[in-house]
1. So if I check each of 271, 284, 265, which one is small (Gly, Ala, Ser), at pLDDT below 95 and in contact with a strand residue (DSSP E or B) (Cβ under 7 Å, 6 or more places away or on another chain)?
2. Could you tell me which residue of the stretch 243-262 is farthest from residue 361 (Cα to Cα), considering only residues that are in contact with a Phe, Trp or Tyr (Cβ under 7 Å, 6 or more places away or on another chain) and not aliphatic (A, V, I, L, M)?
3. Does the stretch 216-263 hold any residues that are touching a helix residue (DSSP H, G or I) at 6+ places or on another chain (Cβ under 9 Å) and either of a type in the set (D, E, K, R) or more than 28 Å from residue 428 (Cβ to Cβ) (or both), and which are they?
4. For the stretch 237-281: of the residues being within 19 Å of the chain's Cα centre (by Cα) and of a type in the set (Val, Ile, Thr), which is least open to solvent (accessible area, probe 1.4 Å)?
5. Residue 420: closer than 23 Å to residue 16 by Cβ and either in a strand (DSSP E or B) or open to solvent by less than 60 Å² (accessible area, probe 1.4 Å) (or both), yes or no?
6. Tell me whether the stretch 409-428 contains one or more residues that are touching a strand residue (DSSP E or B) at 6+ places or on another chain (Cβ under 8 Å), within 21 Å of residue 209 (Cα to Cα) and among the charged types (D, E, K, R).
7. Could you please find all residues in the stretch 148-171 being open to solvent by less than 40 Å² (accessible area, probe 1.4 Å) and out of contact with any helix residue (DSSP H, G or I) (no Cβ under 6 Å at 6 or more places or on another chain)?
8. Could you check, for the stretch 58-65, whether at least one of its residues is of a type in the set (Gly, Ala, Ser), out of contact with any strand residue (DSSP E or B) (no Cβ under 7 Å at 6 or more places or on another chain), crowded, with 19+ Cβ neighbours inside 10 Å and part of a loop (DSSP other than H, G, I, E, B)?
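The values are calculated or read from the model by the stated rules, or taken from the named source; none is laboratory data. Predicted model only: the values in this text are computed from it and were never measured. Note that we place each Cβ from the backbone using ideal geometry, even for glycine, and neighbour counts take in every protein chain shown. Just so you know, the surface numbers come from the protein's heavy atoms only, side chains and all, with ligands and any DNA or RNA stripped out. Shrake-Rupley method; radii C 1.70, N 1.55, O 1.52, S 1.80 Å.
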Amino acid sequence: MLPVSIEAPAPRTDLGLAHEAPTPLHAPAQDVRPSHRVPPGFRAPPPQDDDAEDTAPMPWWVPHSAAGAGSLGTVPNVPMNKNGWRYVAAGPAAHRLPRTVYHTLDVAPACVHWSWQDRSAFTRISQDASIVGTDKGYRSARANVGVRHGAWYVEMQVLPPDASSAPAVPMRDGPHVRLGWARREASLNAPVGWDAYSYGVRDQNGACVTQSRLVPYGRAFGPGDVVGMYIRLPEAHVPPPPGTEHGIAQKRIPIRYKGQLYFESLEYAPSREMEALMDEQRRSGTIWTPQPAHVRPLPTLHDSCIGFVVNGEPQGMAFANLYDYRPLRTHKKRQHEVSAHASVSAILKSRQNALDDGMLGYYCMASMYGGARVRIIASDFVHPPPPDLEDRLWRAGTAPGVSCTRQHPAPPWRPLADRYAEVCQEAWELDEADDRAT
């Protein structure tokens with residue numbers, strides 16, 4: 001439970017994790033750092049002397065085996081993004097954010113890596129967060145940064161099972177991976193390409209996959225191979241497509257969990273329009289079924305595309321005109337204040353975010369099966385791509401279902417490592433805007 005005010009009881013808001021009890025509001029002033037004083041009526045955990053302010057420290061990592069053999073382990077003190085809840089590390093900054101007190105942090109290391117929180121609870125992760133794997137059926141992980149505009153490139157190195165990932169009983173068909181780009185709505189307990197929120201490529205036969213439909217595309221790959229992933233999205237100055245929400249707003253609360261501060265928010269849920277698209281897909285059995293006529297159309301990003309490279313060889317353009325990552329436009333309804341006696345469903349509804357929280361976009365995603373492991377390489381590539389990578393991808397051909405061609409010259413691609421500093425700056429700007437609006 002979050003602390004309550006003296007004047008009136010507060011509505012229940014601890015609907016995700018069982019949070020640690022924060023220090024009461026009437027605690028002595030010396031318990032709060034002078035530079036991080038909280039405003040009157042502040043109803044969240046107050047800052048503590050050892051709270052991280054720039055980058056949250058790397059979590060306590062436990063190797064999977066008692067002997068420490070293998071590359072992967074677990075982080076038991078980190079809240080996982082699951083059951084519709086999302087957790088992002090936070091730290092105090094009341095000297096710059098006097099009303100909201102806290103700002104967004106990334107969790108060390110300060111670079112592009114697999115997210116400690118944004119992965120299936122059934123995956124394991126290396127101590128430096130560069131490698132993920134699982135001994136289960138398909139489980140997935142997303143990187144800690146996403147892309148919203150421009151052209152980006154990242155490599156995925158496929159690794160064989162080791163002592164930390166191999167299943168107790170080997171899978172009948174061996175380890176496998178699927179790699180690609182996914183929105184935040186994509187399930188972490190399903191492979192990339194399972195629905196229309198993600199686009200991937202399959203190791204067994206090189207097929208590309210979205211909406212669970214496999215189509216011929218490139219060459220097969222496996223342990224020891226390096227798969228390059230290219231994505232291009234419209235530039236920032238291009239207006240969003242009609243039918244999407246254009247505004248940005250954060251909707252979250254700060255909590256303290258096992259000593260670390262986090263922002264807790266409801267994750268974006270799959271829309272009924274996307275569910276209708278998947279239902280139509282299953283009924284028709286055709287490749288990449290058009291949107292059903294009885295629901296709102298799903299906006300797409302004009303001139304966007306995804307292509308893959310295997311060991312430096314372009315495989316062609318796998319997908320084009322990707323679905324927009326912003327929420328569908330909704331009819332604005334009056335926001336009613338949640339009372340102290342509100343039901344859980346009313347509280348949950350009040351915490352849903354109908355707007356883009358500024359962290360939506362496409363994230364690189366790896367899905368592992370039966371002990372497979374994947375290393376993310378965001379710079380210093382094993383197979384550095386040429387400057388005209390997109391031209392070469394188009395010349396290599398397109399997958400069935402990609403009927404369009406490139407409409408505009410591609411901007412220079414950038415390594416995903418460059419995105420890290422941008423994401424940190426964008427998070428600061430969002431936090432400052434949130435503080436001004438409070």
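1. 271
2. Only one residue tops the list, namely 254.
3. 228, 230, 232, 251, 252
4. Here the answer is 253.
5. Here the answer is no, as residue 420 does not meet what is asked.
6. No: zero hits.
7. Of all residues in the stretch 148-171, those open to solvent by less than 40 Å² (accessible area, probe 1.4 Å) come to 148, 150-156, 158-159, 162, 164-165, 167.
Listed by number, the residues that qualify are 148, 150, 151, 153, 155, 156, 158, 159, 162, 164, 165, 167.
8. Within the stretch 58-65, not a single residue is of a type in the set (Gly, Ala, Ser), out of contact with any strand residue (DSSP E or B) (no Cβ under 7 Å at 6 or more places or on another chain), crowded, with 19+ Cβ neighbours inside 10 Å and part of a loop (DSSP other than H, G, I, E, B).
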